[in-house]
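As structure tokens, the structure follows; a few thoughts come after it.
The values are calculated or read from the model by the stated rules, or taken from the named source; none is laboratory data. The shown structure was predicted, so the numbers you read here are calculated from the model rather than taken from an experiment. With ideal geometry, Cβ positions are generated from the backbone for all residues, glycine too; neighbour counts draw on all protein chains shown. To get the accessible areas, we keep the full protein, side chains included, count just its heavy atoms, and leave off ligands, DNA and RNA. Shrake-Rupley method; radii C 1.70, N 1.55, O 1.52, S 1.80 Å.
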Amino acid sequence: MDITETNRRIAEQFNEAFNRGDLDAASSCFTEDCRNHGRQVGRAGVRKVLGEIKTNFPDARLTILNSVAEGEWVVVLCTYSGTHRGTSNFPVDGGMLVGVQPTGRSFEVQHMHMYRMLDGKIAEHFANRDDVGMMRQLGLLPLPPSPPSR
């Protein structure tokens, strides 16, 4: 297997570990000094974020729809889904859920994640998420207005 396919497999392993709730295995896919959205957070910071997501959404799931890998970069298009069952104390998912009581409602939105790999680990992570769509599905933001009828 060439390095590009190896890197794609690391991104898949991260998703698989996250989906089964093995947050230690998921965070072990990252380097000790990894960066998230340009900020140095380290593996411990990644583990904290993943734990908070699973507190808010115990059934949180990332389902890969497609991926593109070239050299050290892997881009994943996926759906992110879950049911709001916990109260956030740490700003994840756009920081809009801190202190919000669980709605018991489910959501499913699209995400794009971009990973830079280094020596078999994720060294950098960037994401483009539909946090507004998630909040609307959870009933925490109003739905967009309907288009005018003709």
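Restricting the first member to the range 87-107 and to residues that are of a type in the set (Lys, Arg) and modelled with pLDDT of 95 or more, and the second to residues that are assigned to a helix (DSSP H, G or I) and crowded, with 16+ Cβ neighbours inside 10 Å, the beta-carbon pairs closer than 7 Å and six or more apart or on different chains are ARG105/GLN137. For the range 99-150, residues that are over 27 Å from ALA69 (Cβ atoms) and among the aliphatic types (A, V, I, L, M) total 7. Among the residues making up the range 69-101, those that are under 21 Å from ASN19 (Cα atoms) and polar (S, T, N, Q) are THR79, SER81, THR83, THR87, SER88. The set of residues from the range 22-32 being in contact with a helix residue (DSSP H, G or I) (Cβ under 6 Å, 6 or more places away or on another chain) and open to solvent by less than 60 Å² (accessible area, probe 1.4 Å) comprises LEU23, ALA25, ALA26, SER27, CYS29, PHE30. Looking at ARG136, ARG43, ARG47, just one residue is touching a residue at least 24 places away in the same chain (Cβ under 8 Å), among the charged types (D, E, K, R) and touching a strand residue (DSSP E or B) at 6+ places or on another chain (Cβ under 9 Å), and that residue is ARG47. As for the range 127-147, it holds no residue that is hydroxyl-bearing (Ser, Thr, Tyr), modelled with pLDDT of 95 or more and either farther than 17 Å from ILE53 by Cα or not in a strand (DSSP E or B) (or both). When you look at LEU62, is it in contact (Cβ under 8 Å) with a residue 24 or more places away in the chain, within 21 Å of ALA25 (Cβ to Cβ), part of a strand (DSSP E or B) and not aromatic (Phe, Trp, Tyr), yes or no? Against the criterion (in contact (Cβ under 8 Å) with a residue 24 or more places away in the chain, within 21 Å of ALA25 (Cβ to Cβ), part of a strand (DSSP E or B) and not aromatic (Phe, Trp, Tyr)), LEU62 qualifies.
Determine whether the range 52-62 contains at least one residue that is among the basic types (Lys, Arg), farther than 19 Å from GLU108 by Cα and in contact with a Leu (Cβ under 9 Å, 6 or more places away or on another chain). Checked against the condition, which is being among the basic types (Lys, Arg), farther than 19 Å from GLU108 by Cα and in contact with a Leu (Cβ under 9 Å, 6 or more places away or on another chain), the range 52-62 yields no hits at all.
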